[in-house]
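Worksheet for the structure shown next.
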Amino acid sequence: MNLILLGAPGAGKGTQAEVICDALKIPTISTGNMLRAAVKDGTEYGLKAKAAMDAGDLVSDDIVIGILKDRIAQDDCKNGFILDGFPRTVPQAEALDAMGVQIDKVVEIYVADETIQKRLSGRRVCEGCGNSYHIDFKPTKVEGICDACGAKTVIRKDDEPATVIDRLKTYHEKTAPLKDYYSKQGKLVTVEGQEEVSETSKLTLKAIEG
Ligand code: AMP
């Protein structure tokens, strides 16, 4: 099954991706994580992407489409995958269609902007493996240390309040039109993000099965 998770930054797509990944045993592909790894490694892509990411803007379509294309060609994607954070623009969605990638379902995780602004201020990410945590809703076992790999967890630069406002604006302008795009293809299902993460997860799995 090939799935897309759609939603504003901070709506909880990454957490839901983990839940689906466990349930369906298909990998999650997060373009945000891949780009952050490229920035950290100082690769050519990373150098080009860094300024846009720090400012809360989108990285150019040709860079992300290139990264995505290479990734889904890998062996572990042959039984399906979950796209978290891609596509984020209509041209990216068109590029997926042009690659001949069949998308089964697009799950939108909907959370109101004000809730997102509150949530992102508590988000922490692992410097090592990119795992995501939240100081209230999904704390690490040891404060400041990633449960999965033991590296330090930090506040993402683009989770600073001023940048979050820009990211939400970018989402509404450039990514939200994808709802229409996939609704017309009959693939869109919307899940309302709940206060309890486990409740959202139940709704997400139901949306995929249904
Ligand atoms: P995320 O972790 O998904 O919130 O992504 C972090 C940042 O990476 C975004 O704010 C963008 O700057 C960049 N990014 C990730 N995925 C994409 C994409 N599909 N298109 C353009 N930029 C992206």
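Derivation of every value follows stated rules applied to the coordinates shown; laboratory data play no part. All figures in this text were calculated on a predicted structure; none of them were measured in a lab. Note that each Cβ is placed from the backbone with ideal geometry, even for glycine, and that neighbours are counted across all protein chains shown.
Hey, what's the Kirkwood Rh for the stretch 153-210 if you take every pair of different alpha carbons, in angstrom?
The Cα-based Kirkwood calculation yields 13.9 Å.
Mind pulling the per residue volume of the convex hull built on the Cα atoms of the stretch 101-195? Å³ is fine.
Normalising the Cα hull of the stretch 101-195 by residue number yields 132 Å³.
Antiparallel versus total DSSP beta bridges in the chain: what percent is that, nearest 5?
Bridges in the chain are about 35 percent antiparallel.
If the cut-off is 26 Å between C-alpha atoms, which lysines fall inside it for Lys118, apart from same-chain ones fewer than 8 positions away?
Partners found: Lys13, Lys50, Lys138, Lys141, Lys152, Lys157, Lys169, Lys174, Lys179, Lys202.
Please sort 134-142, 150-158, 63-71 by packing, taking for each peptide the average over its residues of neighbouring beta carbons within 10 angstrom, highest first.
63-71, 150-158, 134-142
Could you name the aspartates and glutamates in cross-link range of Lys187, using Cα to Cα under 12 Å and dropping any fewer than eight places away on the same chain?
Partners within reach: Asp104, Glu108.
Across the Cα atoms of the stretch 83-148, what radius of gyration and what greatest pairwise Cα-Cα distance (Dmax) are found, in Å?
That works out to 16.2, 45 Å for Rg and Dmax.
Going from the alpha-carbon gyration tensor of the chain, what semi-axes, largest first and in whole Å, does one get by taking the root of 5 times each eigenvalue?
So the equivalent ellipsoid measures 23, 21, 18 Å along its semi-axes.
With +1 on each Lys and Arg Cβ and -1 on each Asp and Glu Cβ, and nothing else charged, work out how big the dipole of the chain is about its Cα centre, in Debye to the nearest 20.
The dipole of the chain has a size of about 140 debye.
For a quick size check, give me the Cα extents of the stretch 1-52 along its three principal axes, largest first, whole Å.
On the principal axes, the stretch 1-52 reaches 35, 22, 16 Å in Cα extent.
Just grab the label-to-label distance for Val154 and Asp41, each label 7 Å out from Cα along the Cβ direction, in nm (one decimal).
Simple spin-label model gives 1.8 nm for this pair.
Can you tell which of Glu94, Glu173, Glu114 shows the greatest fluctuation in a Gaussian network model of the chain with Cα springs below 10 Å?
Glu114
Kirkwood hydrodynamic radius of the stretch 1-106 from all distinct Cα pairs, in Å?
14.1
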